[in-house]
Amino acid sequence: MERLFNDAIVDATKQAAAPSKISFTDPDVVIEIDTIDNRAGLAMWTREELARYHLLRPD
């Protein structure tokens, strides 16, 4: 499922003429997607929010 979401996000940014890549070291944004059964939730945090709220860091 993670690979599917990754590919969809990267493909969508390419089509929008703003290509992206996955980075775990210094991300511009962190996108979290949780799935339970047939439901999903999404959260997104910017670099500034990650610097302000250290608990949001994925590491």
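For this structure, a couple of remarks:
- Qualifying residue in segment 4-19 (condition: out of contact with any Asp or Glu (no Cβ under 7 Å at 6 or more places or on another chain), in contact (Cβ under 8 Å) with a residue 12 or more places away in the chain, in a strand (DSSP E or B) and on the phi < 0 side of the Ramachandran plot): no
- Hey, Ala43 on the phi < 0 side of the Ramachandran plot and among the hydrophobic types (A, V, I, L, M, F, W, C) or not: yes
- On the stretch given as segment 34-57, residues that are closer than 15 Å to Ser23 by Cα and aromatic (Phe, Trp, Tyr) total 1.
- Subset of segment 20-59 [part of a strand (DSSP E or B), of a type in the set (D, E, K, R) and surrounded by 10 or more Cβ atoms within 10 Å (Cβ to Cβ)]: Glu32
Read-outs throughout are calculated quantities, based only on the coordinates presented, and are distinct from any laboratory measurement. Only a predicted model underlies this, so the values are computations on that prediction, with no experimental measurement involved. Neighbour counts are summed over all protein chains in view; Cβ atoms, including those assigned to glycine, are modelled from backbone coordinates with ideal geometry.
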